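Student: This is the structure, below, for whatever I ask next.
The values are calculated or read from the model by the stated rules, or taken from the named source; none is laboratory data. Predicted model only: the values in this text are computed from it and were never measured. Here the Cβ positions follow ideal geometry from the backbone for every residue, glycine too, while neighbour counts run over all protein chains shown. These area figures cover heavy atoms from the full protein model, side chains too; ligands, DNA and RNA do not enter into them. Shrake-Rupley method; radii C 1.70, N 1.55, O 1.52, S 1.80 Å.
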Amino acid sequence: MKREMKVFLLFLLTFGVLCMAGAAFAEDPVYGGILRWREINDPPKLDPAQATDTVSSRAIYLMFDSLVENDSDGKGVLPALAESWEGSEGGTVWTFKLRKGVRFHKECLGESTANGGREVTAQDWKYTFERMVRDNSPRAYFIEMIEGYQDFVSRDETGATEWSGIKVLDDYTLQFKLTYSFAPFVSVLAYNSFMVIPREDAEKWGKEFNFHPVGTGPFMLERWDHDQKVVLKKNPDYWRKDDKGNALPYLDGVELVVIPDNTIAYEEFKKGNLDAFQDFPDEFYVEAKATYGPLFQERPWVGTYYYGFNNSKEPFKGNRALRQAVNYAVDRERISDLVIEGRYPAGKGVLPPGMPGFNPDLKGYSYDPDKAKALLKEAGYPNGFECELQVNNNPRHKAVAEAIQAQLMELGIKLNIKVVDWGVHLDMCERAETQMFRMGWVVDYLDPDNFLYVLLHSSNHGSKGNYSFYSNPEVDALLAEARVETNWDKRIELYRKAEQLIVEDAPWVFLFHYSTSLLGQKWVKNMHLPAMGDYSTPLYNVWVTKK
Amino acid sequence: MTERTTPAASGGSLWFEAWLRFRRNRLAMIGLVMVITVILVAVLATWISPYDPLKQLIWTEGKAVRLASPSAKHWFGTDLYGRDILSRIIFGARISLQIGIFATLVSLVIGIPLGALAGYVGKWVDDLISWLVNVVFAFPFLLFVLAVVAVFKDPSLVVVYIAIGMVNWVSIARVVRAQFISLREREFVEAARALGMPSWRIIFVHILPNALAPVIVQATLGMGSIIMIEAGLAFLGFGAQPPTPSWGLMISEGQKYLGQGQWWWAIFPGLAIMYTVLAFNFLGDGLRDALDVRLKR
Amino acid sequence: MFTYFLRKLLYTIPVLWGVVTVVFILMAVVPGDPARIMMGQRGDPATLARIRADLGLDLPLHRQYTKFLGELLRGDLGTSYRSNEKVSVALSVRFGATLRLAFWAMVLASVLGVTAGIVSAVKQYSVFDYSAMFLAISGVSAPVFWVGLLLLLAFAYNLHWIPGVGYGDGQAIYLILPVLTLGVRPAALIARLTRSCMLEVLSQDYIRTARAKGLAEKIVVIKHALKNALIPVVTIIGTQVAELLSGAVLTETIFAWPGIGRLAVEALVARDFPMIRGTVIFMALIFLVTNLVVDLSYGFIDPRVRFE
């Protein structure tokens, strides 16, 4: 009897596996087709050196490649145009072996490119990095630890003709020499500004390169109708192959369709005129999840949403009890649930889930009005106080702010919301002219350094990231130590210690962690939402079955 | 000679005649009644509104009162936070009227003296002021207001009415200037001048009262467009700050729920704007006919 | 006539200079640093300073002003900070969209307004008259953006007749709702004006004479009355064109119409100074030119008008 059962189970198992194999067979990639991807606005920049926003980044990820790229589950970096790399001399010298046979686009906007589709070599990388400095790329300073950065930046005075720390050893070997050991260096290189560019085209177009972008990515620019769509077509010489050695990409092209209105975008999606809808709006969240089931992908995004206190000014300066009181006064779960459909998980600390070093056991703040009251008393404001909260102009931020305003009112804390444009917001925050401000932070590179050091180290006060003007020498020391430590486990330990101290100091109201979402049509296959955010979803291995 | 001989003094009966004409004008009377209701709603808001306009009911009553459709409990439904939309519209009347009145005052304070100066003095003063008026006119109105609002770091209702007033004064100035040009050569002014009266006295005591009728008409008609501009500003996210129950802000917040069937958040405040603007337009038109003013629009 | 025209034309220069200067001053005092916005959320002060220098924002204001004026005189409106587009190119592309919108809105408004006005006048105090005039005064009183939302709600979200917002590939169907939205106000104004002008003309002696001669009412209205009643109507159509071109800001925002109005608002939010200056100067120019044309057209339509 038992034996029979076993045989039967075995049979079932085999049958199941065969079925699955069959299903997988039926799911063989198909060539051809256009994928229509929704964008909320026209990408401001298609030059990787200049882009700082997610819409631009979406297009850039499709047209360009970096040395290394982020693993889709946020578990570190993978080879891209670099096949391998190694660090030496205590992590101050990094040598990259480049992939052979990678070619630049032959075509852009229907015309031949100046480079003619030639192979990428190490010289191109050196040119790309130097060009970033020459064109004042807002992201060049991310790699300011490469030797000779300052000299090259102020080349008018120093006479430097090159970025000395970047060395071309041969056509396929590139070496970076750092001024100090910087543990997250390789992760930083996965950032979407560090994408290789051909000198010929960059020099031909100068600043106009923005409108004639040429890279090595799976798609090349075919047409750009401003405020309507960016049309990309397949790069026939793309370097990546699928598992069976077939050429990629499968798609004939991608259209980034600009539709500012969410309702209309969703209508278009329902009609099948759009294939992918990213950063899905709250208004239709419940309906879409019910209708589309697994086609609706959502996962934590490596980012944190917070309200910063201005730690350099009254009333929050030096009043830890007051800052903690506000933290206890906010019911994060219910706000998320009632105002944003529960899409943002409540945050305990600085590091978001998905970030290496995230501490699931961190004891943060939860809603506790009694404790808040007690702390208010301790802080010297037994009847509450009045304070201004500055928020940048965005419907979701305003929505959350109104809810928090109502909650704090219960404890006599009168929050005056002030909505300003993004530019003014940044200006005022970094000059410490606010009392409290909304800010969010989404990962640039997958390393705790990108959050803790950038946002809370006292050397980064102001525009470099520490908008709350927090400083704690103990935290500073821990973070600086972690920056140069090469042992991963030791680093994590340092970061956890630092984060614990920060949470106790409460320089922010720790609110939420972001989530990222992507809705795809059932005929879109193999599209996977990565942890780094919807805008970096790879499309080179996506195919569409006939609609 | 006393001031009795000037038409302004005999204006008493002039205004009375105007009132008689006004009363015969049915639309004008409707307009007056409508304006009065808006004012009453604004003044009595605290007593007549069924709920506190800022009270977020979701925290106590849960999702049932979130974006609830119109019902006996909430005539105009509720918004995302379970705030009663009717109550917010009632309190919104205060915001709109406040903006309308103060922006008009700012326009009058700038527009009357400049218009009077241009019309009375003439010559290069007129050239200069007229040039300024033309410059402001040539500016796209809404953009100009937006830019002026953007210049202030702290957005608030005060900023909004100052900004609107700074742009809107030109229409007042134009009317005043035209009146002064036509009045300054009239006998009673000549006479006053011959008596050696100081210019300011002539301007304020003799000419201005006679120039008032078209200014009143222009200001009344202007109220409507100011209220509309404020709504437009709030809709674009400038000016009134949450949770202020500004009608324009409510439309902009409710806009994204339109496509989901939750139309009440954005539609009812629009009706309120329309009602109020309509009221001032009727009233303005009626005043124009009653005071027999011809305005160049 | 010619000297009048020339004087008017010359007068636009100081006015335009005034507009240019005012917009420059506004942008000089507005908070929010364009270089900062270009850097994104995080930026190091050194790069920021270099970007500012690159944009010429580190110069003293009077130098910035003279540089800007000099470039303007050479016909150079500069390059957008935000998108690197040449402002003149961006304007010419977007103006096409705005013009298309404004043109059809004006056609709609004129046809609808004049027809409704005539019928209302001829059938004064009829049900048609009352309802048309009620609609007209409501049309003047409803906020443009709210009308747009109503139309969207009805025709795009509920009835699904119209795909909604955007420019599509330029298909006419995308034009319908924005044109309706933008056309409501001028249609209402034109209807009211046409009605009152027609009533005035119809009460005059020569019309009574024509009627007395036994001419058909249709001929009286169309041949005799209409021609004279339309003079003020034509001029208001002229001034409305200018208002429409610059006033399309809200309509374009709601319908995601890629025109200059939306461009201007976006540029303001992004502190894209060259683009803001460009759009404002351009709109002011259109306003001035249209007014000039309207002024001149008085003379052609109405022989009684004499130019000073």
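Student: Once you charge only the Cβ atoms, +1 for Lys and Arg and -1 for Asp and Glu, what is the size of the charge dipole of the protein assembly as shown about its Cα centre, to the nearest 20 debye?
Tutor: With only Lys, Arg, Asp and Glu charged at Cβ, the dipole is about 3780 debye.
Student: Then there's this: Report, in whole Å, the centroid distance computed from the Cα atoms of the stretch B:113-173 and the stretch A:165-188.
Tutor: Between the Cα centres of the stretch B:113-173 and the stretch A:165-188 lies a distance of 59 Å.
Student: Right, another one. Can you work out the Karplus-derived ³J(HN,Hα) for every residue in the stretch A:226-241? Use 6.51 cos²θ - 1.76 cosθ + 1.60 with θ = phi - 60°, whole Hz, and x for glycine or proline.
Tutor: Here the 3J(HN,Hα) series is 4, 6, 10, 7, 10, 9, 10, 10, 4, 8, x, 9, 4, 6, 7, 10 Hz.
Student: Another question, if that's okay. Quick one: ranking C:ARG94, A:ARG199, B:ARG24, B:ARG177 by accessible area, 1.4 Å probe, largest first, what do you get?
Tutor: B:ARG24, A:ARG199, B:ARG177, C:ARG94
Student: Lys/Arg Cβ at +1, Asp/Glu Cβ at -1, dipole of the stretch A:238-356 taken about the Cα centre: which of A:TYR305, A:GLY347, A:LEU322 is farthest positive-ward?
Tutor: It is A:LEU322.
Student: What helices does chain C hold that run 20 Å or longer along their axis, going by alpha-carbon atoms, with a Kyte-Doolittle average of 0.0 or more, using DSSP H for the helix calls?
Tutor: Correct list, ordered by number: C:2-29, C:87-122, C:127-141, C:173-202, C:226-247, C:273-301.
Student: Another question, then. Want the number for A:LYS377 to A:ALA290: 0.36 nm per residue separation, take away the alpha-carbon distance, what's left?
Tutor: Answer, rounded to one decimal: 26.6 nm.
Student: Using protein chains only and a probe of 1.4 angstrom, how many square angstrom of C:GLU266 are accessible, to the nearest 10?
Tutor: 60 Å²
Student: Enter the mean number of other protein chain beta carbons within 10 Å of the beta carbon of each residue in A:411-417, as an integer.
Tutor: Mean shielding count: 1.
Student: Right, another one. Could you pull the Rg and Dmax for the stretch B:11-295, using just the Cα atoms, both in Å?
Tutor: 22.2, 78
Student: Give the carbon-plus-sulfur fraction of the accessible surface of the stretch B:11-295 in %, rounded to a whole number; probe 1.4 Å, heavy atoms of protein chains only.
Tutor: The computed percentage sits at 67.
Student: Please compute the net charge surrounding A:LYS45, taking Lys and Arg as +1 and Asp and Glu as -1 over other residues with Cβ under 12 Å from its Cβ.
Tutor: Counting the neighbours of A:LYS45, the net charge comes to -1.
Student: Here's another thing I want to ask about it. Give, rounded to the nearest 20 debye, the magnitude of the charge dipole that the stretch B:11-295 has about its Cα centre when Lys and Arg contribute +1 at Cβ and Asp and Glu contribute -1 at Cβ.
Tutor: Using Cβ point charges on Lys, Arg, Asp and Glu, the stretch B:11-295 gives about 220 debye.
Student: Skip the ligands, DNA and RNA, and give the accessible area per residue of chain A with a 1.4 Å probe, whole Å².
Tutor: 38 Å²
Student: Next up: Expressed as a fraction of 2.2 N^0.38 Å, the rule-of-thumb size for a compact globular protein of N residues, what is the C-alpha radius of gyration of the stretch A:185-244?
Tutor: Compactness ratio reported: 1.33.
Student: Given the rule -39500 (n - 2.57) for each run of at least 4 DSSP H residues, summed and divided by the residues of the protein assembly as shown, what is its mean residue ellipticity at 222 nm, to the nearest 500 deg cm²/dmol?
Tutor: -17000 deg cm²/dmol
Student: Taking the highest mean first, how do the peptides B:108-121, A:53-66 order by number of other beta carbon atoms within 10 angstrom per residue?
Tutor: Top of the packing list down: A:53-66, B:108-121.
Student: Got a sec to turn the phi values of the stretch A:311-322 into Karplus ³J(HN,Hα) couplings, 6.51 cos²θ - 1.76 cosθ + 1.60 with θ = phi - 60°, whole Hz, x for Gly and Pro?
Tutor: 6, 9, 9, 4, x, 8, 4, x, 10, 5, 4, 5
Student: Take the residue pairs A:LYS348/A:LYS414; A:LYS313/A:LYS398; A:LYS348/A:LYS377; A:LYS126/A:LYS490; A:LYS75/B:LYS256; A:LYS97/A:LYS241 and return only those whose Cα atoms are more than 27 Å apart.
Tutor: Correct reply: A:LYS126/A:LYS490; A:LYS75/B:LYS256.
Student: Between A:VAL102 and residues 5 or more places away or on another chain, which pairs have amide H atoms under 5 Å apart, with H built 1.01 Å from N, and which residues are they?
Tutor: A:VAL120
Student: May I ask you to list the lysines whose Cα is less than 26 Å away from that of C:LYS8, ignoring any residue fewer than eight positions away on the same chain?
Tutor: B:LYS123, B:LYS296
Student: With a 1.4 Å probe, what is the total accessible area buried between chains A and B, in Å² rounded to the nearest 100?
Tutor: 2400 Å²
Student: What's the magnitude of the charge dipole for the stretch A:486-529 around its Cα centre, counting Lys and Arg as +1 and Asp and Glu as -1 at the beta-carbon? Answer in Debye, nearest 20.
Tutor: Roughly 400 debye, rounded to the nearest 20.
Student: Taking both sides together, what accessible area is buried at the B/C interface, probe 1.4 Å, expressed in Å² and rounded to the nearest 100?
Tutor: Result for this pair: about 3600 Å² buried.
Student: Let me ask you something else. Please list the non-local residues whose amide H lies under 5 Å from the amide H of A:TRP224, H modeled 1.01 Å from N, same-chain partners needing a gap of 5 or more.
Tutor: For A:TRP224, the qualifying residues are A:VAL231.
Student: Here is a follow-up. Would you work out which of A:LEU178, B:VAL148, A:THR128 lies farthest towards the positive end of the dipole of the protein assembly as shown, given +1 charges on the beta-carbon of Lys and Arg and -1 on that of Asp and Glu, about the Cα centre?
Tutor: B:VAL148
Student: While we're looking at this one, here's another question. Based on DSSP H assignment, which helices of chain B show an axial Cα extent of at least 27 Å together with a mean Kyte-Doolittle hydropathy greater than or equal to -0.5?
Tutor: Membrane-span-like by this criterion, though nothing is claimed about a membrane: B:85-121, B:157-183, B:208-235, B:264-291.
Student: May I pose another question? Any chance you could get the radius of gyration and Dmax over the Cα atoms of the protein assembly as shown, in Å?
Tutor: Both quantities, over Cα of the protein assembly as shown: 33.3, 131 Å.
Student: Taking the convex hull of the alpha carbon atoms in chain C, what volume per residue do you get, in Å³?
Tutor: So the per-residue hull volume is 165 Å³.
Student: Let me ask you something else. Towards the positive end of the charge dipole of the stretch B:11-295, with charges on Cβ (+1 Lys, Arg; -1 Asp, Glu), say which of B:GLY77, B:ASN134, B:ILE267 has the farthest Cα.
Tutor: Working it through, the farthest residue towards the positive pole turns out to be B:GLY77.
Student: Still on this model: Leaving out ligands, DNA and RNA, calculate the buried accessible area for the pair C and A with a 1.4 Å probe, summed over both sides, in Å² to the nearest 100.
Tutor: Its buried surface, counting both partners, is about 3600 Å².
Student: If the cut-off is 14 Å between C-alpha atoms, which aspartates and glutamates fall inside it for C:LYS213, apart from same-chain ones fewer than 8 positions away?
Tutor: C:LYS213 reaches C:ASP205.
Student: Determine the equivalent ellipsoid of the stretch B:94-253 by diagonalising the alpha-carbon gyration tensor, then write out the semi-axes as square roots of 5 times the eigenvalues, largest first, rounded to whole Å.
Tutor: Each semi-axis is √(5λ); the values are 35, 15, 11 Å.
Student: Using a probe radius of 1.4 Å on heavy atoms only, what accessible surface per residue do you get for chain B? Whole Å² is fine.
Tutor: On a per-residue basis, chain B sits at 42 Å².
Student: Sort all Cα-Cα distances of chain A into consecutive 10 angstrom bins from zero, then give the percent of pairs in each bin up to the one containing the longest distance.
Tutor: 3, 16, 25, 25, 19, 9, 3, 0, 0
Student: For the protein assembly as shown, what proportion of DSSP beta bridges, expressed in % and rounded to the nearest 5, is antiparallel?
Tutor: Looking only at bridges with both residues in the protein assembly as shown, the antiparallel portion is about 80 percent.
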